[in-house]
Amino acid sequence: MIDAARALYWWLDARGGFVSNRIRIVVTYRVDAVVRLTGPMLQVVLMGALWRALYRGETTVDGVSLDVMTTYVSLAAMQQLVNRDDTIDWLSRRVRTGAIGTDLAQPVGLLTQQVCGQVAQLVVKLPMVVLMLPVSLVATRLTAPAAGALGPYLLASVLGWLINSCLNLLVAVTCFWTSELVGMAFLYFVISGFLSGALVPLWFMPGWLASVLGWLPLQAVIFTPLSIYLGQSAGAAAWQAVGVQLLWLAVLAGAVWLVFRRAVRRAVVHGG
């Protein structure tokens with residue numbers, strides 16, 4: 001029993017050390033943190049103004065009210081802030097500079113290190129979301145969640161963050177096969193911003209496209225939680241959407257584990 005407790009303490013302490021170290025690195029660059037916060041705030045203001053202009057004084061378009069739409073873009077900006085991390089840039093830079101050799105020598109596995117880095121950035125980003133709330137309330141008249149939607153929304157948001165973390169890890173690990181990820185990372189962020197519903201919700205897309213995107217992992221990152229929050233997916237439909245998230249999380253987590261195993265073996269071979 002004592003040995004099990006010691007093992008658990010070591011396990012938690014090792015990972016907690018990586019998380020705290022990455023938090024210190026993130027908060028050290030205060031200007032970067034301000035930029036990361038300012039961008040989403042401007043996005044809330046500009047997207048709110050854009051959708052008000054598109055509605056042209058109408059209160060409802062295709063069954064979606066203006067308040068619902070402006071709330072959607074506010075929450076989408078907040079979730080984008082939380083979901084965007086430097087995993088891709090961090091890992092590719094470590095591989096490019098050769099510092100990955102030090103990472104591979106750590107007692108904690110490389111994949112675990114990256115996950116700890118993502119958790120650290122989440123810890124830093126959550127207070128930023130709180131700072132964004134007053135701006136959202138003023139700029140877009142942020143509405144309360146639909147009746148009974150808060151619990152499923154929070155669960156869907158956590159699952160969305162986990163799915164997004166897996167996708168970021170899959171893009172990042174390709175740096176073991178290619179030395180430059182800038183173009184790929186930019187393309188991924190552009191495509192994911194559209195397919196996740198961060199810019200335009202799926203209910204405004206053509207029926208065939210919305211149906212296809214509804215079964216892809218990216219829409220589960222942002223659109224699924226927000227559709228639940230706003231009551232567009234309620235009751236059984238909400239839990240079906242959560243089920244799709246769980247399915248994709250299992251698939252992507254397995255893919256991340258397998259790809260990282262291959263990547264580490266490749267790195268060891270190249271290291272001699």
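Efficiency by 1/(1 + (r/R0)^6): what FRET value for Val34 and Thr59, r their Cβ-Cβ distance, R0 = 35 Å, to the nearest 0.05? Efficiency, rounded to the nearest 0.05: 0.45.
Based on Cα atoms of segment 134-272, Rg over Rh with Rh as the Kirkwood radius reads 1.06. Working note: Cα gyration tensor of segment 76-143, eigenvalues times five, square-rooted, sorted largest first, giving semi-axes of 34, 11, 7 Å.
Helix 150-173 and the longest principal axis of the Cα set of the chain meet at an angle near 50°. Extent along the principal axes, Cα only, for segment 2-270: 61, 45, 39 Å, with the longest axis given first.
Across the chain, C-alpha contacts under 8 Å between residues 6 or more apart give a mean separation that, scaled by the residue count, equals a relative contact order of 25 percent. Within segment 36-118, the trypsin sites (Lys or Arg not before Pro) that combine a DSSP coil assignment with at most 12 other C-beta atoms in a 10 angstrom radius are Arg56.
With respect to the chain, whose longest principal axis is taken over its alpha-carbon atoms, helix 182-195 is tilted by about 30°.
FYI, it's all coordinate maths here, none of it is from the lab. Quick caveat, the model's predicted, so the values are computed rather than measured. Cβ: placed from backbone, ideal geometry, glycine included. Neighbour counts: every protein chain shown.
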